[in-house]
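For reference, the structure discussed in these notes is given below.
The values are calculated or read from the model by the stated rules, or taken from the named source; none is laboratory data. If you're wondering where the values come from, they're calculated on a predicted model, not measured in any experiment. Note that we place each Cβ from the backbone using ideal geometry, even for glycine, and neighbour counts take in every protein chain shown. The accessibility values were calculated without ligands, DNA or RNA, using every heavy atom of the protein model including side chains. Shrake-Rupley method; radii C 1.70, N 1.55, O 1.52, S 1.80 Å.
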Amino acid sequence: MNRLVRSLLAFGLASAQFLAVASVVNAAPDIEDRIAALPGVRIISEGTSGTARTFVLGIQQPADHRKPRGRQFEQRISLLHKDDSKPMVLHTTGYHLPGSISPSEPARLVDGNQISVEQRFFPPSRPSPADWDDLNIRQAAGDHHRIVREFKKIYRGRWLSTGASKGGMTSVYHRRFFPHDVDATIAYVAPNDVVNDEDSYGEFIRNVGNDPTCNRRLEGVQRQILQNRDAIVARLEAQGYTYRQFGGAHRALEVLVLDTPFTFWQYGTQDQCALVPGPAASVDDLWTFIDKTVGWDFYTDAGVAPYETYYYQAGTQLGWPEADESAVRDLLRYPGSSVPRTMVPDSIRFPRFDKHAMKDIDRWVRYEGSRLLFVYGQNDPWSAEPFHLGPGTRDSLAFVVPGGNHGSNIARLPEEERGAATAAVLRWAGVPAAAVGTAAVDEGPDSLDALRARRG
């Protein structure tokens, strides 16, 4: 009897040990190990955000995707990981990688994972030495394609892409060149400057809003600043700002003045028209208004230097809003200065502007695009030239937030349109509507402060 008991105990112990070993063998590797196993991917740092795990990563990319074995650079990306069975959202920033890792609106809607991507050539995601001919929309799409290809080894569910402003543009460009990388794209306040020489921005700004006197007061502010330019320039120089990139403070001041109405409507609201100084405003009043609206520190050497990559892209492929000089033409000493070439060091050569790049993108959206969602703001100047759905666009939607600015998103749409947009996102992600609560929809893909910091 004792021998039988001992035998059963021994058998039970061996079985338990076997099951324990089998459990270890069959356990899925930790997400950190799976990321580290991806070719060319390096974990820079890790942390948490709520119940999600977060990682800042570096991924090796070819400087020129036409030469995959050629010169390489490390591109920074971040990962917000919840569960590899959940949908993945590819968040294209179009600019620097944000300092904090937080979910975009689509990621919150689908309760998904998210990869955010720093645009190539924004430091430190820049080849060294840098051949600026490698900075174009096709090469950036190649970056995103490689990221999708590698991370689909881990995240095998549905993929969405998203971005705001230039990030939204970038997400559309990626879809044009690699239409099957993701299942759908949600682009917020993304301009589409198809013909750079034919602008709608000036007319839009002169007539935006429901109070014409607001725009006339903004024009008055422009004139008052230039009429007091000597006093204002003296104050700027006393602040320690430098203007070597502009060729002097007076030229930089004119660029700032021309940008004022655009920036006011980009970030402001109709209610803020009450804050626009009138004709009796003092220099102090004007100074305070501009500091809150545009920021005196932006059009300085330190202010524009971080955005030379954006200005290069605008001046070579993306296009840019032509500055409306009509209200102050007689007061300008440097007309025509508000162009991308002014913001980029002379050491960086500009090739001939590519007039075909945006036309190609526009044709793809209109005639071949599918599962696209565009959200714009009614009062946002960047919405003056939006993407348009066309006769060949399939399963796609476009909405405008009434009175909305550059922070417009799905959450700010009227109820019926918000419901239609949300339903489309959930359907594209393969997520049942009942599985996600309405609390997931509260903010846009980027905070307005973050958009303001990026100027686009």
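Which pairs turn up if I take residues in segment 37-52 that are farther than 16 Å from GLN72 by Cα and without any contact (Cβ under 8 Å) to a residue 40 or more places away in the chain and look for partners that are of a type in the set (Gly, Ala, Ser) and not in a loop (DSSP other than H, G, I, E, B) with beta carbon separation below 7 Å, at least 6 apart in sequence or on another chain?
From segment 37-52, the pairs are ILE43/ALA36; ILE44/GLY58.
Can you tell me how many residues in segment 74-117 are part of a loop (DSSP other than H, G, I, E, B) and crowded, with 24+ Cβ neighbours inside 10 Å? Before the answer, list the steps.
If we filter segment 74-117 for residues that are part of a loop (DSSP other than H, G, I, E, B), which is where we start, we get 82-87, 93-104, 111-112.
Still in the running and crowded, with 24+ Cβ neighbours inside 10 Å: 87, 93-95, 103-104, 112.
Result for segment 74-117: 7.
Restricting attention to segment 236-254, report how many residues are open to solvent by 60 Å² or more (accessible area, probe 1.4 Å), closer than 15 Å to TYR334 by Cβ and either aliphatic (A, V, I, L, M) or at pLDDT below 95 (or both).
0
Counting just the residues of segment 363-382 that are open to solvent by 20 Å² or more (accessible area, probe 1.4 Å) and either under 27 Å from ILE205 (Cα atoms) or among the hydrophobic types (A, V, I, L, M, F, W, C) (or both), which one comes out nearest to the chain's Cα centre (by Cα)?
TRP382
Consider THR162 against the criteria (1) open to solvent by less than 10 Å² (accessible area, probe 1.4 Å); (2) over 27 Å from HIS406 (Cβ atoms); (3) touching a helix residue (DSSP H, G or I) at 6+ places or on another chain (Cβ under 8 Å): it satisfies all of them except one. Which criterion is unmet?
Going through the list (1) open to solvent by less than 10 Å² (accessible area, probe 1.4 Å); (2) over 27 Å from HIS406 (Cβ atoms); (3) touching a helix residue (DSSP H, G or I) at 6+ places or on another chain (Cβ under 8 Å), THR162 breaks only (2).
Give THR269, THR213, THR309, THR263 a once-over and let me know the one that is modelled with pLDDT under 95 and under 22 Å from the mean Cα position of the chain (by Cα). Please lay out each step first, then the result.
Details: THR213 fails: under 22 Å from the mean Cα position of the chain (by Cα); THR309 fails: modelled with pLDDT under 95; THR263 fails: modelled with pLDDT under 95.
Only one candidate passes the filter, namely THR269.
Scan segment 183-215 residue by residue and report those that are part of a helix (DSSP H, G or I) and of a type in the set (Phe, Trp, Tyr).
Selection gives TYR201, PHE204.
Can you say whether ASP442 is under 19 Å from the mean Cα position of the chain (by Cα), at pLDDT below 95 and not small (Gly, Ala, Ser), as far as the supplied structure shows?
In short, yes.
Give the residues of segment 160-182 that are within 30 Å of GLU325 (Cα to Cα) and either at pLDDT below 95 or in a loop (DSSP other than H, G, I, E, B) (or both), sorted by residue number. I'd like the intermediate steps shown before the answer.
Within segment 160-182, the subset within 30 Å of GLU325 (Cα to Cα) is 164-170.
Listed by number, the list holds a single entry, SER165.
What residue, of VAL233, VAL221, VAL257, is of a type outside the set (Lys, Arg), touching a Leu at 6+ places or on another chain (Cβ under 9 Å), in a helix (DSSP H, G or I) and surrounded by fewer than 18 Cβ atoms within 10 Å (Cβ to Cβ)?
None of the others qualify; the one that does is VAL233.
What do you reckon, is TYR334 open to solvent by 80 Å² or more (accessible area, probe 1.4 Å) and of a type in the set (Ser, Thr, Tyr)?
yes
Can you name every residue in segment 395-420 that is assigned to a helix (DSSP H, G or I), farther than 27 Å from GLU368 by Cβ and either in contact with a Lys or Arg (Cβ under 6 Å, 6 or more places away or on another chain) or open to solvent by 30 Å² or more (accessible area, probe 1.4 Å) (or both)?
The first filter runs over segment 395-420 and keeps only residues assigned to a helix (DSSP H, G or I), leaving 410-412, 415-420.
Still in the list and also farther than 27 Å from GLU368 by Cβ: 411-412, 415-416, 418-419.
Selection gives ARG412, GLU415, GLU416, ARG418, GLY419.
If I ask for residues that are over 12 Å from ILE147 (Cα atoms) and at pLDDT 95 or above, which ones from segment 49-61 would you list?
Those that are over 12 Å from ILE147 (Cα atoms) and at pLDDT 95 or above: ALA52, ARG53, THR54, PHE55, VAL56.
Going through segment 137-159 one residue at a time, which ones are of a type in the set (A, V, I, L, M) and either buried (at least 22 other Cβ atoms within 10 Å of the Cβ) or within 18 Å of PHE73 (Cβ to Cβ) (or both)?
Within segment 137-159, ILE137, ALA140, ALA141, ILE147 meet the criteria.
When you go through (1) assigned to a helix (DSSP H, G or I); (2) open to solvent by 10 Å² or more (accessible area, probe 1.4 Å) one by one for TYR312, which number turns out not to apply?
(2)
Would you check if there is a residue in segment 295-305 being under 23 Å from GLU198 (Cα atoms) and of a type in the set (Ser, Thr, Tyr)?
no
Please go through segment 315-331 and give me each residue that is open to solvent by 40 Å² or more (accessible area, probe 1.4 Å) and part of a loop (DSSP other than H, G, I, E, B), ordered by number. Can you show your working first?
Let us first name the residues in segment 315-331 that are open to solvent by 40 Å² or more (accessible area, probe 1.4 Å), namely 320, 322, 324, 326, 329-331.
Those that are open to solvent by 40 Å² or more (accessible area, probe 1.4 Å) and part of a loop (DSSP other than H, G, I, E, B): TRP320, GLU322, ASP324, SER326.
Picking from ALA423, ALA429, which residue would you name as being modelled with pLDDT of 95 or more, within 19 Å of PRO103 (Cα to Cα), crowded, with 21+ Cβ neighbours inside 10 Å and of a type in the set (Gly, Ala, Ser)?
Details: ALA423 fails: crowded, with 21+ Cβ neighbours inside 10 Å.
On inspection, the qualifying residue turns out to be ALA429.
Could you list, ordered by first residue, the pairs with Cβ atoms under 8 Å in which the first is in segment 220-234 and over 14 Å from ARG251 (Cβ atoms) and the second is of a type in the set (Phe, Trp, Tyr), at least 6 apart or interchain?
Listed pairs, sorted by first residue: VAL221/PHE289.
Please work out which residue is most open to solvent (accessible area, probe 1.4 Å), limiting yourself to segment 293-308 and to residues that are closer than 21 Å to ALA190 by Cα and either part of a loop (DSSP other than H, G, I, E, B) or touching a Lys or Arg at 6+ places or on another chain (Cβ under 8 Å) (or both).
TYR307
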